[in-house]
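Notes follow once the structure below has been shown.
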Amino acid sequence: MYKIVRKVSLNPTVTLMEIEAPFVANKCEAGQFIIVRVDEDGERVPLTIADYDRDKKTVTIIYQVVGYSTELLSKKKVGEYVEDFVGPLGMPAPLHKCDHVVGVAGGVGAAPMLPIAEALKKAGNRVITVLAARTAELIILQEQLAQWSDELIIMTDDGSMGQKGVVTIGVEQVIQREKVDKCITIGPAIMMKFVALTTKKYNVPTEASLNTIMVDGTGMCGACRVTVDGKTKFVCVDGPEFDAHAVDFDEMLSRLRSYKNEEMEAMEAYRKNDTPIKGEPTKGESENLLLAHAIVEPFTGTAKERVAIPRVQMPELAPEVRIQSIHKEVNKGLTFEQAITEAHRCLNCKNPTCVQGCPVNINIPSFIKTLEKGDILGAANVIKESSSLPAVCGRVCPQEKQCEAKCIHLRMGKQPVAIGYLERFVADYANAHPSNNSITPQSNGQKIAVVGSGPAGLTFAGDMAKYGYEIHVFEALHEIGGVLKYGIPEFRLPNSIVDKEIDGLRALGVQFHTDTIIGKTISVNELQEQGFKAVFVGSGAGLPRFMNIPGENLNGVLSCNEYLTRVNLMDASNPQTDTPLLYGKNVAVIGGGNTAMDAVRTAKRLGAEHAMIIYRRSEEEMPARIEEIHHAKQEGIEFLTLHNPIEYHADEQGRVCEAVLQVMTLGEPDESGRRCPVVVKGETKTIPVDLVIVSVGVSPNPLIPSAVEGLEISPKGTIVVNEGMQSSIPTLFAGGDIVRGGATVILAMSDGRKAAAAMKEYLEGK
């Protein structure tokens with residue numbers, strides 16, 4: 001938590017706060033921003049840095065009360081704390097000597113303009129600041145800005161201070177009387193638009209500091225996207241400053257209104273002191289049917305008898321029940337009797353091909369035979385020798401394409417042993433019956449840093465802790481778990497399960513640090529200076545991909561990352577939390593992977609009348625798990641295969657209302673083995689939609705690749721590694737999405753295991 005050390009009211013709606021944030025204060029520069037979260041139910045709110053004091057280790061923010069979250073922030077007192085304060089984020093303002101600069105600030109834009117004006121003046125520039133507001137009482141920081149300006153021009157709409165008139169009048173006066181080399185504008189989007197139109201007439205280069213909607217702020221959700229020079233850019237990583245003459249301000253203004261209705265409703269309820277209807281519990285619980293340990297009679301069946309046993313069927317919640325809740329897990333888990341019976345099917349092969357199909361090389365026959373004897377905790381220990389996240393893997397791994405696909409039963413025309421179901425059963429039992437015999441490994445005194453707490457990072461951390469290393473995991477978000485928390489819904493992977501797996505790592509001595517962005521808050525070099533011997537990067541998914549089709553930046557068109565992060569991590573569907581969420585009656589999810597299935601099934605649970613998958617290939621080519629497709633169909637999800645969106649239309653409010661779909665057919669297989677989609681010329685279909693969720697892939701997170709000098713990066717932006725996951729920098733290893741560009745949970749875990757073994761060998765051989 002972060003302490004408020006100073007609070008000053010600058011006018012009836014604008015407040016200055018100085019907050020203790022040592023790491024942010026040490027790194028921030030003029031033009032950057034932070035993400036603040038008021039309390040544990042709070043929204044992640046981006047605010048520009050107004051000032052910083054490296055000696056006092058404080059950062060100053062100035063904000064205007066414009067919604068529910070800023071209203072709550074304004075109620076905080078000196079000595080109290082905010083829950084999260086993350087940064088610095090974005091690129092510093094490009095400040096250098098260019099002789100004559102005009103800074104144009106509107107309203108609270110005066111706050112970020114102050115450090116920029118100071119830096120420009122110290123660089124030797126002539127600085128003229130134009131400060132604007134509707135009335136005199138809304139003008140802030142005029143004395144401070146005057147200190148760093150050769151001239152301060154104040155414009156008010158009503159003439160109550162300075163000159164009467166809009167801000168562009170003051171800007172034009174300066175340009176007409178003297179040569180201006182550069183203009184910087186910060187403030188309301190509509191003001192920046194007209195400043196840009198004014199300076200463009202005179203060919204004055206102009207930069208605008210954009211203030212868009214954000215969720216994570218680290219380049220993952222895509223909510224902050226804007227169109228600049230006809231291309232989609234992301235404010236949190238590419239900005240916040242852009243060429244103002246190239247920004248599509250009309251589109252930006254429209255997108256800023258995306259959650260306006262939701263924010264107004266929240267504010268109205270707050271000011272009426274309405275008590276929100278209590279939502280469902282934010283932590284879902286597994287409904288597996290665990291029984292106490294029982295004595296098991298030895299099974300003496302022959303191989304033929306074992307093969308003849310039918311594969312167990314996973315108990316499930318009824319579709320009509322489960323679609324009423326985003327927290328109730330669909331698969332309920334095996335009973336003790338079901339698990340033992342399924343274990344009897346394993347032939348304990350001399351050459352266990354199932355192990356070959358497991359990316360983390362679990363000794364599958366050993367854990368199943370141990371389970372068959374009734375020693376469930378012993379079976380769990382076998383699994384934990386290879387996997388730090390067995391309860392997770394038992395739920396989300398594509399076993400049908402990996403271990404079960406190699407099962408010898410398939411050669412006999414039978415269904416494979418339900419390895420995934422058994423792994424889940426064993427892991428859940430172990431979590432419900434924790435052993436007191438756990439031993440913390442003996443420390444070897446060497447510290448290792450892990451960037452990211454997703455499956456790659458957690459697996460690496462677990463293995464290295466077992467080797468005796470002191471492990472510190474740094475997470476950019478406010479919760480541990482990475483994609484396991486923000487990306488996978490609770491009806492598929494309950495948060496309680498993830499938390500128990502993380503608690504297991506804590507028991508091994510692993511230390512976790514939230515709100516810390518390696519490459520921004522702390523550099524890799526600084527980690528080395530602090531005594532960390534090596535670093536593993538598992539920073540996960542980065543910028544979401546879009547299709548670059550007309551209308552894709554309309555209100556109501558979201559990336560899958562944004563939608564799932566709002567629902568899963570921020571619990572936005574719960575009335576007691578602050579993060580707004582868009583709902584839809586006709587919801588289209590673009591894509592055919594597991595993430596797309598997660599999104600469309602979530603939309604159905606949140607009230608969609610028509611929740612659709614739109615996929616350009618056939619169902620046979622879908623990369624999603626068979627089980628997820630099956631569950632989706634049970635829940636009433638509509639599948640529009642062999643269709644691909646080519647354009648979106650807006651209603652009179654600027655929200656998406658229609659999708660134009662291109663009809664497709666299948667051609668020859670591509671390098672992935674799937675048949676290529678081919679356009680059927682002249683055949684399109686227009687359907688009504690009021691919410692579109694785009695799930696067509698992600699790019700690697702750009703923060704580490706851009707922040708580490710000398711790191712070899714592929715043309716796709718991934719970190720280049722050898723077979724041991726070692727990068728071009730010997731002490732930096734990496735795995736998961738940052739290496740693969742996109743990876744399943746189990747493949748990311750495999751990378752973490754390989755990296756741990758290779759790093760241990762490297763460090764011991766030094």
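Has region 295-309 got at least one residue that is basic (K, R) and either in contact (Cβ under 8 Å) with a residue 60 or more places away in the chain or in a loop (DSSP other than H, G, I, E, B) (or both)? Let's see the steps before the verdict.
Of region 295-309, the ones basic (K, R) are 304, 306.
From what's left, either in contact (Cβ under 8 Å) with a residue 60 or more places away in the chain or in a loop (DSSP other than H, G, I, E, B) (or both): none.
No, every residue in region 295-309 fails to be basic (K, R) and either in contact (Cβ under 8 Å) with a residue 60 or more places away in the chain or in a loop (DSSP other than H, G, I, E, B) (or both).
Conditions tested, residue by residue: (1) at positive phi; (2) surrounded by 24 or more Cβ atoms within 10 Å (Cβ to Cβ); (3) outside the structural domain of L256 (by TED's automatic domain parsing).
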site	(1), (2), (3)
G519	yes, no, yes
S523	no, no, yes
L527	no, no, yes
S539	no, yes, yes
L554	no, no, yes
C560	no, yes, yes
N574	no, no, yes
T577	no, no, yes
L581	no, no, yes
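Against the definition (touching a residue at least 40 places away in the same chain (Cβ under 8 Å), surrounded by fewer than 23 Cβ atoms within 10 Å (Cβ to Cβ) and within 27 Å of R44 (Cβ to Cβ)), how does P489 come out, yes or no?
Working: touching a residue at least 40 places away in the same chain (Cβ under 8 Å): yes; surrounded by fewer than 23 Cβ atoms within 10 Å (Cβ to Cβ): yes; within 27 Å of R44 (Cβ to Cβ): yes.
Yes, satisfied.
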- Query: Out of curiosity, is K681 surrounded by fewer than 17 Cβ atoms within 10 Å (Cβ to Cβ) and within 26 Å of A599 (Cα to Cα)?
  - Reply: no
- Message: Looking only at residues that are crowded, with 24+ Cβ neighbours inside 10 Å and under 15 Å from L508 (Cα atoms) in region 375-394, which one is nearest to the chain's Cα centre (by Cα)?
- Response: L389
- Report whether or not A117 is within 30 Å of K182 (Cβ to Cβ), of a type in the set (G, A, S) and without any contact (Cβ under 8 Å) to a residue 60 or more places away in the chain. yes
- Looking at region 108-126, is at least one residue within 25 Å of M192 (Cα to Cα), within 25 Å of the chain's Cα centre (by Cα) and crowded, with 23+ Cβ neighbours inside 10 Å? no
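Tell me, yes or no, whether region 450-461 has at least one residue that is aromatic (F, W, Y), modelled with pLDDT of 90 or more and within 22 Å of Q338 (Cα to Cα).
Applying the first criterion (aromatic (F, W, Y)) to region 450-461 yields 460.
Narrowing the set further to residues that are modelled with pLDDT of 90 or more leaves 460.
Narrowing the set further to residues that are within 22 Å of Q338 (Cα to Cα) leaves none.
Within region 450-461, none of the residues are aromatic (F, W, Y), modelled with pLDDT of 90 or more and within 22 Å of Q338 (Cα to Cα).
Being charged (D, E, K, R) and part of a strand (DSSP E or B) is the filter here; which residues of region 2-51 pass it?
The initial filter retains those residues of region 2-51 that are charged (D, E, K, R), namely 3, 6-7, 18, 20, 27, 29, 37, 39-41, 43-44, 51.
Selection gives K3, R6, K7, E18, E20, R37, D51.
Is it the case, given these coordinates, that P705 is under 22 Å from the mean Cα position of the chain (by Cα) and closer than 17 Å to V451 by Cα? Before the answer, list the steps.
Numbers: under 22 Å from the mean Cα position of the chain (by Cα): yes; closer than 17 Å to V451 by Cα: yes.
The answer is yes for P705.
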- Message: So in region 10-50, with the set limited to residues that are modelled with pLDDT under 90 and among the small types (G, A, S), which one is nearest to the chain's Cα centre (by Cα)?
- Response: G42
- Among the residues of region 685-709 satisfying the criterion of being modelled with pLDDT of 95 or more and among the β-branched types (V, I, T), which is surrounded by the most Cβ atoms within 10 Å (Cβ to Cβ)? I693
- Query: Where residues in region 204-248 are over 19 Å from the mean Cα position of the chain (by Cα) and among the aliphatic types (A, V, I, L, M), which of them is surrounded by the most Cβ atoms within 10 Å (Cβ to Cβ)?
  - Reply: A208
- Does P434 qualify as being in a loop (DSSP other than H, G, I, E, B) and more than 30 Å from Q528 (Cβ to Cβ)? yes
- Item | Residue within region 465-478 that is in contact (Cβ under 8 Å) with a residue 40 or more places away in the chain, assigned to a helix (DSSP H, G or I) and crowded, with 24+ Cβ neighbours inside 10 Å present | yes
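Could you list, in sequence order, all residues of region 591-605 that are out of contact with any strand residue (DSSP E or B) (no Cβ under 8 Å at 6 or more places or on another chain) and part of a loop (DSSP other than H, G, I, E, B)? Steps first, please.
Step one: filter region 591-605 for residues out of contact with any strand residue (DSSP E or B) (no Cβ under 8 Å at 6 or more places or on another chain), giving 593-595, 598, 602, 605.
Hit for region 591-605 is G593, nothing else.
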- Please state which one of E143, E151, E137 is surrounded by fewer than 19 Cβ atoms within 10 Å (Cβ to Cβ) and in contact (Cβ under 8 Å) with a residue 40 or more places away in the chain. E137
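Hey, any hits in region 633-652 for a residue that's small (G, A, S), over 21 Å from L484 (Cβ atoms), buried (at least 22 other Cβ atoms within 10 Å of the Cβ) and touching a helix residue (DSSP H, G or I) at 6+ places or on another chain (Cβ under 8 Å)?
Taking region 633-652 as the starting set, the residues that turn out to be small (G, A, S) are 636, 650.
Then keep just the ones that are over 21 Å from L484 (Cβ atoms); that gives 636, 650.
Okay, now just the ones that are also buried (at least 22 other Cβ atoms within 10 Å of the Cβ), so none.
No, the conditions are met nowhere in region 633-652.
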- Report yes if some residue within region 718-730 is within 24 Å of L581 (Cα to Cα) and at pLDDT 95 or above; otherwise report no. no
- Query: Among (1) in the same structural domain as Y648 (by TED's automatic domain parsing); (2) surrounded by fewer than 24 Cβ atoms within 10 Å (Cβ to Cβ); (3) at pLDDT 90 or above, where does V567 come up short?
  - Reply: (2)
- Residues in region 185-225 that are over 28 Å from T565 (Cα atoms) and assigned to a helix (DSSP H, G or I) total 12
- Please verify whether region 539-547 includes one or more residues that are over 24 Å from I719 (Cα atoms) and not in a helix (DSSP H, G or I). yes
- Message: Checking E207 against (1) charged (D, E, K, R); (2) touching an Asp or Glu at 6+ places or on another chain (Cβ under 9 Å); (3) modelled with pLDDT under 80: exactly one of these is not met. Which one?
- Response: (3)
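The values are calculated or read from the model by the stated rules, or taken from the named source; none is laboratory data. A quick note: this is a predicted structure, and the numbers were derived from the prediction, not measured. Here Cβ is always computed from backbone atoms with ideal geometry, including for glycine, and neighbour counts include all displayed protein chains.
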